[in-house]
Amino acid sequence: MDKPVVVYEPFRAGLPPMRDYLRTLWGRRTFIAEFSRSELREKNYGTVFGQLWLVLNPLLLSGVYFLLIYVIKGSNDANRFGHLTATLFLFYLIANSLTGGVKAITSGQRLILNTSFPRVMLPISATVIALFKFVPTLIVFAAIHLLIGLPYSWQMFWAIPIFLIALLMGLGMSILISCINVYFRDVSSMLPYLTRSLLYLSPILYEASSVSDEIKSLEIINPLFYLLDSWSRVVVYAQAPTTFGLLHSLIWALTIFIVGTYFFLSRERDFAVRL
Amino acid sequence: MISLSDYNHPHSPHSLAVSVKDLGLTYTTSIDKKPTLKARLRTLGRGKKHTRVVNALSDVNIDVHYGAVLGVIGSNGAGKSSLMRVISGIVPPTKGRVEVYGSVSTLLALGVGFNPAMTGRDNVYLGGLAAGMSREDIDQNFDAIADFSELGEAIDAPMRTYSSGMYARLAFSVAAVVEPDILIIDEALSTGDAKFKEKSLNRIKELRSSDRALILVSHALATIEDVCNEVVWLNKGTLMARGNPSEVIAQYRTFVNARKSASSDEDV
């Protein structure tokens, strides 16, 4: 007799067999891409004006915040505007990943109840969507960089690892929050306050160097503080990031990703009956 | 979680397709429709229960062989859909063991993965990918799917403009071209107009072959009797009877009628 292809047995708490899981996840990559694309399409990003909006929206946002800084502080130098746009755009990569991820599982109810697939696919596609939205802003920033005459140097290649850390952080947050939202549905309504606080607690409207040492030592618990600071150093000032800044953001990103993924994978078989 | 293309080897007729042994399924679900942190905090320390345990299935034993068409009948809440979800790997069992010898395709609901904002064409891809097909599979089968759905030019219109019958027709067409070893269909036949219903029933009859196993969940007893060669009857999570379709269906009918007359005798 043939050997069984799949065996379903009562599961112990803990992770599913990881090799099979990853293999299936990889096999589903076209679905992730198509699923993300359709979500984007749904919001009209398939049209010319929709795509234009992807560029206009971050520009308008940074315009509004620049106005705010100008009114409060009266500073209007070009570097400040460069810093604001660069950090704001990267911040939105993470924030979009969070806001997309929070309902990834709860709104994927029909899929989860009726098909078997690695559930982690859903928060992953939320991050993929955030990434799709981030790419045009990167082009906008490149244009701003050129227009206001910010410096260039080889150190700017540090942007690649920093971007990857940010992506990992966004993915980890998306996975973690999608799972928490299954158990506590009101998390999604608290999320706007969380992202707003993160926005104000991170060096976006101000620069990290203008923060007092006391507050800076408290900012160690803000996962984004040194990430955005390093990003600004690299892409705005064309300097190398500090080792501390890099390590701080890498450790935070890895922690959130590992904790989130563990939490998610050990619970995902429970999702179908919780929805 | 096996993609369809991985296991397309022939199966000898009468070899085991699915074996369900001593299956028990209990699950914890939240009492509130939407569990919230607020509710949890408000009742903190008061010992209020937030979850309850549901007994969905107990001691179910079923063997399905290749070449068989198994019908599953039972009243609402009997555990039919739960059983299908366990066999397709959506919900893990709490007790017992389920062995599956082949690739499974499930048709538990129509139009899973569809996005109404997209065109019918895009949704064929979305639905197909959600069902575990590869993009190449869908490319190859696209014309067959479009033909089967009889949508004509409407296939390039957004799905939100479809009537519910058109929606169901496309959804069934996507599912019907998948040719898995084991196909599980849950209540999917009760869609579309009479003509399309007959067409989908014919498609299911076509899918009956010696190297495939079909599991059909339905309330349409006449259809079950017509299509299946074995029937199991579930009631409140336990297996009441299994065997010859006409016999099991007769037993089920007697049971349902007995209950109906008993309740109609009561004074309300």
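Could you give the longest part of chain A that holds none of the chymotrypsin sites (Phe, Trp or Tyr not before Pro) found in DSSP loops with at most 15 neighbouring Cβ atoms within 10 Å? Excluding the exposed sites themselves, the longest stretch runs over A:12-151. What does the charge add up to near A:Phe264, with Lys and Arg as +1, Asp and Glu as -1, over the other residues with Cβ less than 14 Å from its Cβ? That sum, taken over residues with Cβ under 14 Å, equals +2. Could you grab the relative contact order for chain A? Cα pairs under 8 Å, six or more apart, rounded to a whole percent. It rounds to 27 percent for chain A.
Averaged over the residues of peptide A:189-195, the number of Cβ atoms from other protein chains lying within 10 Å of each residue's Cβ is 1. For chain B, the relative contact order comes to 26 percent (Cα pairs under 8 Å, sequence separation of at least 6). For chain B, DSSP calls about 55 percent of its internal beta bridges antiparallel.
Taking every residue in B:64-74 and counting other chain Cβ atoms within 10 Å of its Cβ, the average works out to 0. For chain B, what is the mean residue ellipticity at 222 nm derived from helices alone (per DSSP H run of n ≥ 4: -39500 (n - 2.57); sum divided by total residues; nearest 500 deg cm²/dmol)? Roughly -11000 deg cm²/dmol at 222 nm, from the helical runs in chain B. Considering only beta bridges that DSSP places wholly inside the protein assembly as shown, some 60 percent are antiparallel.
Taking trypsin sites (Lys or Arg not before Pro) across segment A:13-74, the ones in a DSSP loop with at most 14 further Cβ atoms lying within 10 angstrom of their Cβ are A:Lys43.
Considering only alpha-carbon pairs that sit under 8 angstrom and 6 or more positions apart, the relative contact order computed for segment A:73-134 is 44 percent. Exposure proxy ranking for A:Met190, A:Met169, A:Met18, A:Met121, based on other Cβ atoms within 10 angstrom of each Cβ and starting from the fewest, stands as A:Met18, A:Met190, A:Met121, A:Met169.
Peptide B:122-132 has a mean of 4 when you count, residue by residue, the C-beta atoms of other protein chains within 10 Å of its C-beta. The loop-placed trypsin sites (Lys or Arg not before Pro) in segment B:168-222, going by DSSP, that have at most 16 neighbouring Cβ atoms within 10 Å of their Cβ come out as B:Arg208.
Peptides B:236-244, B:38-46 ranked from most to least packed by the mean count of surrounding Cβ atoms within 10 Å: B:236-244, B:38-46. Sequence neighbours fewer than 8 away in the same chain don't count; with that in mind, list the lysines whose C-alpha is under 30 Å from B:Lys48. Correct list for B:Lys48: A:Lys103, B:Lys33, B:Lys34, B:Lys38, B:Lys95, B:Lys236.
Read the figures in this text as sums done on the coordinates, not as results from a lab. Because the structure is predicted, anything quoted here is derived from the model rather than measured. Positions of Cβ are backbone-derived with ideal geometry, glycine not excepted, and every protein chain shown enters the neighbour counts.
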